[in-house]
1. Please find the FRET efficiency linking TYR80 to THR574, where r is the Cβ-Cβ separation and R0 is fixed at 51 Å, and quote it to the nearest 0.05.
2. I need LEU497, LEU616 ordered by Cβ neighbour count within 10 Å, fewest first.
3. Given the C-alpha centroids of the stretch 551-572 and the stretch 462-531, what is the distance between them in whole angstrom?
4. Could you give the C-alpha radius of gyration of the stretch 596-704 expressed as a fraction of 2.2 N^0.38 Å, taking N as the number of residues it contains?
5. Can you work out the PRE-style zone for LEU139? Point 7 Å along Cα to Cβ, and I want the residues of the stretch 58-90 with backbone N under 13 Å.
6. What is the antiparallel percent of DSSP beta bridges lying wholly in the chain, to the nearest 5?
7. Using Cα-Cα distances under 8 Å and only pairs 6 or more residues apart, what relative contact order does the stretch 18-176 have, in percent?
8. Please tell me which of these pairs span more than 18 angstrom C-alpha to C-alpha: LYS83/LYS652; LYS498/LYS704; LYS209/LYS415; LYS498/LYS545?
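Laboratory data are not the source of any read-out in this text; all were calculated from the coordinates shown. Keep in mind it's a predicted model, so treat the numbers as computed, not measured. Every residue, glycine among them, receives a Cβ derived from its backbone with ideal geometry; neighbour counts consider all protein chains shown.
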Amino acid sequence: MEYFEPTLKPPLLTGESIEQKRQQIKAYFHNSWTQYQSLFSNINNDDAFYKKAERLRHPLIFYFGHTATFFINKLILGKYIDKRIDPHLEAICAVGVDEMSWDDLDSKNYDWPAVDAVRAYRDKVYKLINQIIDDMPLLLPIQQDSLAWIILMGIEHERIHLETSSVIIRMLDTSDITEQAGWQACQDSAPAPKNSFVAITGKTLQQGKPQANATYGWDNEYGQKSMDVADFEASQYLVSNQEFLSFVEAGGYQKPQYWTEEGQAWLKSQQPNMPRFWSKRNGQYWQRNLTSEMPLPLNWPVEVNYLEAKAFCNWLAQTTGEFIRLPTEAEWQLLRDIQPLELANWNEAPGNINLEFFASSCPVNRFQVDGLFDVIGNVWQWTETPIDGFDGFKVHPLYDDFSTPTFDGKHNLIKGGSWISTGNEAQRDSRYAFRRHFFQHAGFRYIRSQTSELPVEPVVICETQADIANQLQDQYLSSGLNIAELKPLAKRVEHILKRVKPQATRALDLGCGVGRGTFELAKYFEHVDGIDFTARHIQHALAIKEQQTVRFATSIEGEILDYHEVNLAKLKFTSLADKVGFYQGDAHNLKPQFTGYDLIYADSLLEHLYDPRLCLSAIQQRLNPQGYLVLNSAYQWDESATEKAKWLGGIKVNGENLTGFDALQSILSTHFDLVTQEELLQSQGTNARCLSVQKSHLTVWRLKS
């Protein structure tokens with residue numbers, strides 16, 4: 001596979017010529033696509049694509065297909081295309097890139113496609129995206145609601161996975177790798193320079209990417225936050241392999257007192273005694289790079305997770321008697337501002353970044369600005385700051401799970417980029433975060449502060465987005481309406497299960513929202529899966545399952561809010577936690593393992609699907625013989641969710657009225673018998689004084705013998 005150089009810079013959102021911008025986007029897409037395939041061409045046998053090189057991630061076959069399926073899934077979601085290329089592959093390779101608990105990482109549940117099938121699929125997607133770029137309407141500047149933004153989203157998403165996939169490839173056996181042109185490591189190795197400190201003057205810092213910035217950004221970059229940063233001193237160099245070796249040889253991995261509680265648990269579980277990419281044979285340390293090993297290069301930056309970096313800082317602080325720690329995001333930003341050049345403006349990278357020099361790290365004393373080395377590039381730099389949204393944070397509607405699942409206090413920011421960071425990753429305002437035990441091409445520098453106080457604000461995990469907070473209130477709290485006929489979600493499930501008597505083994509709550517129905521079904525079934533398209537819903541259901549307290553704020557009146565919290569104990573659901581599982585998924589295109597159910601429950605789902613007929617047309621395949629399908633819908637069709645041509649009802653066909661129930665009978669009667677139907681009253685809250693009551697239609701269907 002030919003390796004294309006140089007790495008192209010991202011196109012600006014602004015410009016004078018529409019056609020010139022179209023060609024820039026197309027060239028950027030080609031460059032990203034070919035680099036990604038070139039990276040995977042280092043794998044010399046197809047069997048290696050299916051190895052679990054990193055137990056916390058899928059095998060590489062997932063990532064090989066994932067970036068292409070991302071384009072299709074987002075274009076389908078945005079209604080820019082209406083036909084899938086390969087529904088099976090697009091379901092298998094849809095989600096699972098971070099260690100989220102709702103992502104099923106057990107490969108036994110996956111019917112992975114053949115490598116050649118993924119190659120063929122990527123070719124089809126490549127042709128489609130080229131055609132879309134050629135034909136799409138384009139206005140300048142490019143806005144977040146435009147098709148061009150979604151194309152840029154797909155490109156930047158693939159550039160992220162160029163890096164994350166390289167980390168996994170780095171974990172394969174060297175026998176599975178044959179180095180291809182363009183992927184050579186640096187060969188410069190020598191003793192490391194002695195680290196020292198550079199004084200940094202504090203100031204009030206304004207964080208957040210301006211909306212007017214002319215480059216593509218992810219949702220968590222926008223918004224604003226003002227931070228007062230005190231004076232501090234930063235290490236002149238990133239921590240080198242040689243400097244970290246002192247910690248290793250001092251028994252740092254065997255002394256829990258240097259490690260946080262989380263770090264001690266990781267030590268006990270993994271029992272490491274050196275960094276992940278080191279090994280020791282016959283008294284000699286070695287380092288694994290992308291494609292091969294070399295004797296440990298002492299003057300290269302060490303690559304560790306946050307827990308290891310934190311333990312080193314604690315060891316150094318205890319050894320020196322000084323206040324040594326990792327920098328915060330704001331402190332790192334002051335260091336970054338010493339280097340004024342931005343990606344769009346440099347002729348040559350001012351650091352080992354953007355794949356401009358090596359396919360590896362390089363010595364820590366090569367790239368210098370104002371006395372500091374590796375302000376950007378070489379390896380990512382861990383910070384003390386858990387990622388959270390800035391004031392004014394808003395999710396992009398077509399990628400609502402890029403950031404919000406990481407706002408959990410468990411994902412720390414990494415800054416500065418690595419040798420393989422390109423595109424958005426290489427820009428000043430980029431904000432990426434990983435679980436603290438995760439490995440990237442990441443290392444760290446430390447700072448010396450004047451106090452032991454850590455200037456990090458805790459992540460306030462309180463759901464304030466109105467639609468989700470109101471759903472939490474509707475499902476988990478009383479509406480306050482004293483209407484005997486009113487049946488909230490918990491009572492609806494109880495009502496249904498009194499009328500049908502399925503084999504109480506396995507149930508599926510399809511479109512589970514924030515999860516109350518899943519827990520209620522678990523009172524009657526041995527196991528219940530809850531599936532929802534929206535990660536922001538699932539994260540709350542999962543938090544409750546994992547015995548966390550979920551906090552949310554609903555409107556009393558105007559800006560006056562009422563704060564609530566729920567947890568397993570308050571709900572008296574403790575005995576149900578082990579019986580439920582929550583997953584992110586598309587109801588139209590479920591993964592193969594979601595089958596064999598005795599009952600499928602879909603409450604208020606049909607009117608939120610982009611193609612409800614498609615969803616229902618094959619749902620019988622997910623049920624056991626004589627299984628039940630329970631649908632509850634008010635048939636409130638809305639073109640913002642479902643284009644009118646795909647409404648089940650509420651329309652005229654050949655001059656005659658077609659209702660939602662008419663359509664259900666037509667679609668389901670081939671495989672199902674209608675068991676019962678009835679009208680139910682349910683409420684939805686807007687604020688403390690405004691609740692709407694709607695009459696929904698409950699239908700129960702049984703799969704024919």
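1. Values: r = 45 Å, r/R0 = 0.88.
Calculated value: 0.70.
2. Details: LEU497 21, LEU616 24.
Fewest-to-most ranking of LEU497, LEU616: LEU497, LEU616.
3. 18
4. Numbers: Rg = 14.7 Å, N = 109, 2.2 N^0.38 = 13.1 Å.
My calculation over the Cα atoms of the stretch 596-704 gives 1.13.
5. Residues passing the 13 Å test: none.
6. Beta bridges within the chain, antiparallel portion: roughly 70 percent.
7. Values: 140 pairs, mean separation 57.5, N = 159.
The normalised contact order for the stretch 18-176 reaches 36 percent.
8. Pairs exceeding the cut-off: LYS83/LYS652; LYS498/LYS704; LYS498/LYS545.
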